[in-house]
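Engineer: First, the structure itself, so that you have it in front of you.
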Amino acid sequence: MGQNIVQKIFESHLVSGTLEANRDIAIAIDQTLTQDATGTMAYLQFEAMGIPRVKTKLSVSYVDHNMLQTGFENADDHQFLQTFAAKYGILFSKPGNGICHQVHLERFAKPGVTLLGSDSHTPNAGAMGMIAIGAGGLDVAIAMGGGAYYFKMPEVVLVKLKGRLGPWVSSKEIVLELLRRLTVKGGVGTIFEFGGPGVKTLSIPERATIANLGAELGATTTIFPSDEQTLEFLKAQGRKKEWLLFEADPDACYDEHIEIDLRTLEPMVAQPSSPDRVVPVREVAGREVQQVCIGSCNNSSYVDLMSVAKILKGKKIHPKVSLTITPGSKQVFEMIARNGAMADLIQSGARILESACGPCIGMGQAPPSDAISIRTMNRNFPGRSGTPDDQVFLASPYVAAACALKGVITDPRNLRQQSPRIPMPQKFLIDDSMILSPSRTPEKVTIDRGPNIKPLPTRGPLEDAIEGKVLLKTGDNITTDHILPAGAKILPLRSNIPAISEYLFERVDPTFFKRAKECGGGFVIGGENYGQGSSREHAALAPMFIGIRTVIVKSYARIHRSNLINFGILPLIFKDEKGLERIDQGDQLRIENVRDRLKVNGSLTVQNVTKGREFEVLHGLNQREIDILLAGGLLNYTRSNV
Ligand code: MIC
Ligand code: SF4
C-alpha cells in the first residue's frame, strides 16, 4: 500500500512504536530551534544533562521575542544565549536577523527531515515538506542531547485543495476557512497533510502561512509536498542542492479527507478573541479601525510586504490609523529597503519596526482601550496585545492594508485597484553574517550569566498523597496566555521562575498567586482544550514551582499536557461531564495512593473533602509518562536513565 508524506518521514525516523493513529511513537530529530523566550530554560536544562555538545545535525538559537531592552534582563539573556551557543555547538541567530520561523524557512528548512522547536509555530517549516513540531523547551533539550521525541501517532488528514485563489484572496483565507470549519480544538491529535492540484498554485511562503496557523487548530503539525515550488524557493535561496521531490504515493491512505475549493474563498477575518471566530470581511465591514499591525511569523515574507507596499504606494493611510510594519527577517527587510518598497510604506505613514515578534507578543504596540486592531498574525487571545479589553482581528496582508487606507474594516475587493500579484524573486538577498557559527575552541568559552538568569527549579519524586484546595476553576479553551501571560513586562522574567510565577493566571484572577502562596499550592480545574496556544513550558514550570501538583480538566492541548508531565504535574481528566460541575473553587481535594494507583490503574479516586464526596478521574498516561511523573519530571527521569 502506498504511503502519505507523514508516514514516509516518520518511517525513516522511527525510533520506537508503530505508525498507527493513537499509538505511542518516538522519532529521531534532525534539527532543533529555540527562541529567546523559551531558549534560556531549554539551555539550562540541556546544561543540567551534562552533555558537552549538541548531537543534532543542526541546532539554531534565535533571538526574536524579548527584543525591547528596557532593563538589563533581556540583554542578559541574549548574552547568555550567544555564549551558550558558541560553547555547545549551536548556530546563533543574532537579534535583528529575524523571526525564528521566517529565518528557518529561508535558510535551514529542507524536505524530508525532522525539526523540533521550542515554539508552537515551528510547524511553519512544514511548508518545505518536512516534519516540524513545536514542543516544550525540555523536550527540545533532550533532542539536542540526541534523545528521541515521544508522542502519540496523530491521525493524518488530507486537505485537498482544488482550483486557484481569486483576486484579493490569500493563503491566509485557506487556513481561516479550516479554523472556521474545525475550531481551535479541531486539529488536536491530527497532522494536516496538504495535497491536490490547488497546492501547486501556492508558493512556499503562502504554504508557510497555512502551516503556521495549523498550530491554532491544535494540530501536531501541518505538512506540504516538496515539488516545483519548493525547488524554485530553494534555488532562489541558493540552496538548490537541498531539494528533493517528496510527494505522497498516488494510492496513499489517510484517516480523513477535507476538501477546499480555492475559487469559493473570499476575504475573511477572525474576530476577537479567538482564531476560530472566522467570518467573511463583508459581514463586519465598516467598523472603525484604530490600529493595523502587519508582520509576525505568519505574514511577514517578502511577497506579503511587497503586496502591502504596492497597495499603499502613492497613498496615505487613514489619519485615525496607526500602521506598523514588521519585516519577518533581515533578508526581507533589506530586500524591500533596497528595492524602494520600504520608501512606499514610509511615505504612506507606516511605522517601521525591527524584525522581531513585536506586537504579536505584546512587546510594544498595545492598542488603545477597546479599539479595533487588525493584525496579520496568528493569535488574538484576550489581552495578548497588552491591552486588557483588546479587539484584535486576524486578517491577511491584503485586508490589513485595505483597513489601514480606509480607517474601517474593508473588504479589499472594494478598493479601486487591481489585486497585487507579486512574483517570487528569482534570487533572494543572501547574507548569513548575522548567524554566528559555534566556537572551534569551546573549552575557552565562558557562559555569561547575568543576574537575570536564576537557577532551574526542580522537584522531588511524586508524592503518594496529594491534598490541597481548588485554587482556580476555569472554563474551556484556557490558553497559555491566560496561564502565564507574555508581553513587555513579564517576558523579561522568563529566566527567573520565582519572579515570573507571581504573574500566574494574572489576567484570569489577580488574587491567584497570593492565594496559591498562602496555601502552598493546590489544584487547578478546567474545561476542554486546556493549555491551548504556545509551547511556553513556564506555564507548567511556574505552577510546579508554587506547589501545583495536579490539574483536572476535560481535555488538554498537546504541548501543554506534555509540559505538565515534564515538570511532574499530574494532568488528570474528568471521567464524565458531571465531575466538573461537582467541584467549586475553594473545595479541599485529596488523592491517596497516587503512586500505586498510577502503576496499576487507568483511573484515580479524588475525594472532595469539603463536600464529602468522591469522584473518579482518568489519567490516560502511557508507561513512559507514568515513569516520568513518578520520578518528579523529565529531567529527573532522564538523569536516572542515563
Ligand atoms: C507565542 O506565539 O505565543 C509564542 C510567544 O511564540 C510562544 C512561545 C513563548 O511563549 O515563548 C509559542 O508560540 O510557543
Ligand atoms: Fe513570535 Fe508571534 Fe510568531 Fe510567536 S506567533 S513566534 S510571538 S511572531
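Engineer: Distance in nm between label sites at K315 and R181, each 7 Å beyond Cα in the beta-carbon direction?
Structural biologist: Each label point is offset 7 Å from its Cα along the Cβ direction, giving 3.2 nm.
Engineer: Right, here's the next one. Pairs of alpha-carbon atoms within less than 8 angstrom and 6+ residues apart define the contacts here; what relative contact order does the chain have, in percent?
Structural biologist: Reported as a whole number, the value is 14 percent.
Engineer: Choose one of T511, P438, F523: the residue whose Cα lies farthest towards the positive end of the charge dipole of the range 405-523 (beta-carbon charges +1 Lys, Arg; -1 Asp, Glu; about the Cα centre).
Structural biologist: Farthest towards the positive pole: P438.
Engineer: Give the residue from L165, G612, Q69 lying farthest towards the positive end of the charge dipole for the chain; charges sit on Cβ (+1 for Lys and Arg, -1 for Asp and Glu) and the dipole is referred to the Cα centre.
Structural biologist: Toward the positive end, the furthest listed residue is Q69.
Engineer: Once the Cα gyration tensor of the range 222-363 is diagonalised, what are the square roots of 5 times its eigenvalues, in whole Å and ordered largest first, as equivalent ellipsoid semi-axes?
Structural biologist: 31, 24, 14
Engineer: Quick one: net charge of K110's neighbours, Cβ under 12 Å, K/R +1, D/E -1?
Structural biologist: Residues near K110 contribute +2 overall.
Engineer: Also, quick follow-up: When only C-alpha pairs under 8 Å and at least 6 residues apart count, what is the relative contact order of the range 234-346, in percent?
Structural biologist: Relative contact order here is 21 percent.
Engineer: Additional query: To check you understand DSSP bridge types, tell me what percent of the beta bridges within the chain (both residues inside) are antiparallel, rounded to 5.
Structural biologist: Antiparallel bridges: around 35 percent, rounded to the nearest 5.
Engineer: A further question on this structure: With no solvent and one point per C-alpha, what does the Debye sum give as log10 I(q)/I(0) for the range 497-623 at q = 0.13, 0.18 Å⁻¹?
Structural biologist: Summing over Cα pairs of the range 497-623 leads to -0.52, -1.04.
Engineer: Run the dipole for the range 108-182 about the Cα centre, Lys and Arg Cβ at +1, Asp and Glu Cβ at -1, nothing else charged, and hand back the magnitude in debye, nearest 20.
Structural biologist: 380
Engineer: Can you quote the Å³ per residue value for the convex hull of the Cα atoms in the range 275-334, rounded to an integer?
Structural biologist: Output value, Cα hull per residue: 117 Å³.
Engineer: Okay, moving on. In the range 97-224, if the dipole is taken from +1 on Lys/Arg beta carbons and -1 on Asp/Glu beta carbons about the Cα centre, which of G198, I133, T122 is farthest to the positive end?
Structural biologist: Farthest towards the positive pole: G198.
Engineer: Order 370-380, 17-27, 337-347, 474-484 from most to least packed using the mean count of other Cβ atoms within 10 Å.
Structural biologist: Top to bottom by mean Cβ count within 10 Å: 370-380, 474-484, 337-347, 17-27.
Engineer: Under unit Cβ charges (Lys, Arg +1; Asp, Glu -1), what dipole magnitude, rounded to 20 debye, does the chain have relative to its Cα centre?
Structural biologist: 1220
Engineer: A follow-up question, please. Below 11 angstrom from the Cβ of V188, what's the summed charge of the other residues (Lys, Arg +1; Asp, Glu -1)?
Structural biologist: +2
Engineer: Please give every one of the aspartates and glutamates within straight-line cross-link reach of K611, meaning a C-alpha to C-alpha distance under 20 Å, and leave out same-chain neighbours fewer than 8 residues apart.
Structural biologist: Cα-Cα hits under 20 Å: E467, D576, E577, E581, D584, D587, E592.
Engineer: Just the Kirkwood number for the chain, please: inverse of mean 1/r across all distinct Cα pairs, in Å, one decimal.
Structural biologist: 24.7
Engineer: Quick one: work out Rg over Rh on the C-alpha atoms of the range 128-230, Rh as Kirkwood radius.
Structural biologist: My calculation of the ratio gives 1.00.
Engineer: Show which aspartates and glutamates lie in cross-link reach of K313 when reach means a straight Cα distance below 19 angstrom and same-chain residues fewer than eight apart are skipped.
Structural biologist: Within reach: D304, E334, D344, D411.
Engineer: Dipole size in debye (nearest 20) for the range 57-116 around its Cα centre, Lys and Arg Cβ +1, Asp and Glu Cβ -1?
Structural biologist: The calculated dipole for the range 57-116 is roughly 380 debye.
Engineer: Moving on. Suppose R0 equals 56 Å; then what is the FRET efficiency for E502 and M1 from their Cβ-Cβ distance, rounded to the nearest 0.05?
Structural biologist: 0.55
Engineer: Moving on to the next point. Please give, to one decimal in nm, the separation of the simple spin-label points placed at R164 and K152, each 7 Å out from Cα toward the Cβ.
Structural biologist: If labels sit at R164 and K152, their model points lie 4.2 nm apart.
Engineer: Using only Cα atoms, tell me the angle between helix 302-312 and the longest principal axis of the chain; keep it within 0 to 90° and round to the nearest 10.
Structural biologist: Tilt relative to the chain: about 50 degrees.
Engineer: Something else now. What percent does the relative contact order of the range 291-393 come to when contacts are Cα pairs within less than 8 Å and at least six residues apart?
Structural biologist: Computed over the range 291-393, the figure is 33 percent.
Engineer: Follow-up. Rounded to the nearest 500, what is the 222 nm mean residue ellipticity of the chain from helices alone, with -39500 (n - 2.57) per DSSP H run of 4+ residues and division by all residues?
Structural biologist: Mean residue ellipticity, 222 nm, calculated: -8500 deg cm²/dmol.
Engineer: What is the calculated FRET efficiency for R351 to E288, with r their C-beta to C-beta distance and R₀ = 22 Å, to the nearest 0.05?
Structural biologist: My answer for the efficiency is 0.70.
Engineer: Here's something else I'd like to know. Just subtract the alpha-carbon distance of S603 and L456 from 0.36 nm times their residue separation and send over the number in nm, one decimal.
Structural biologist: Computed gain between S603 and L456 is 49.7 nm.
Engineer: Based on C-alpha coordinates, I'd like the Rg and Dmax of the range 413-538, in Å.
Structural biologist: Values for the range 413-538 (Cα only, Rg and Dmax): 22.9, 69 Å.
Engineer: Still on this model: Give me the distance in nm between label points sitting 7 Å out from Cα along the Cα-to-Cβ direction at V279 and S16, one decimal.
Structural biologist: It works out to 5.0 nm between the two label points.
Engineer: Which of the pairs K55/K454; K517/K578; K315/K427; K172/K200; K94/K172 have their Cα atoms more than 19 Å apart in this structure?
Structural biologist: Pairs exceeding the cut-off: K55/K454; K517/K578; K315/K427; K94/K172.
Read-outs throughout are calculated quantities, based only on the coordinates presented, and are distinct from any laboratory measurement. Everything numeric here is computed off the predicted structure, so don't read it as measured data. All Cβ positions, even for glycine, are placed from backbone atoms using ideal geometry, and neighbour counts span all protein chains on display.
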